[in-house]
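Colleague: Input: one structure, supplied below.
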Amino acid sequence: MRRIYLDELPESADRSLGVNVVKLVIEPEETAAEKARQSIALARQQLSDPIVLRDLINLIETIIVYKLPQKAARKLPPC
């Protein structure tokens, strides 16, 4: 087993959609919404299956709702 710290990943890992989504969990509140928008835009570019895309967007929205409960009533605008 190898421990991986998200905040210590190289910048090249930021091109990975999966890493971007997981890093939303540790993203500061100030930048989390923008990073979520960027991840959704990246997902729309990389994913061709509409069901997978919908599920990933739902996951991103769920992360943001838990991270920013005061903004839970307002959904992320489309990219």
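Colleague: Looking at the stretch 14-69 only, could you name the residues that are of a type outside the set (V, I, T), assigned to a loop (DSSP other than H, G, I, E, B) and surrounded by 11 or more Cβ atoms within 10 Å (Cβ to Cβ)?
Modeller: Residues satisfying the conditions are S16, L24, E27, L47, L68.
Colleague: Within the stretch 22-61, can you find the residues that are within 22 Å of E8 (Cβ to Cβ) and either charged (D, E, K, R) or touching a strand residue (DSSP E or B) at 6+ places or on another chain (Cβ under 9 Å) (or both)?
Modeller: Residues satisfying the conditions are K23, E27, E29, E30, E34, K35.
Colleague: List every residue pair whose Cβ atoms sit under 8 Å apart, with the two residues 6 or more apart in sequence or on different chains, where the first one lies in the stretch 52-69 and is touching a residue at least 60 places away in the same chain (Cβ under 8 Å) and at positive phi and the second, anywhere, is surrounded by 12 or more Cβ atoms within 10 Å (Cβ to Cβ) and of a type in the set (V, I, T).
Modeller: Cβ pairs passing all conditions: none.
Taken together, the values in this text are just the output of simple stated rules run on the coordinates, not laboratory data. These numbers were taken from a predicted model, which means no experiment stands behind them. Don't worry about glycine lacking a Cβ; one is built from the backbone with ideal geometry, like all the others, and counts go over all protein chains shown.
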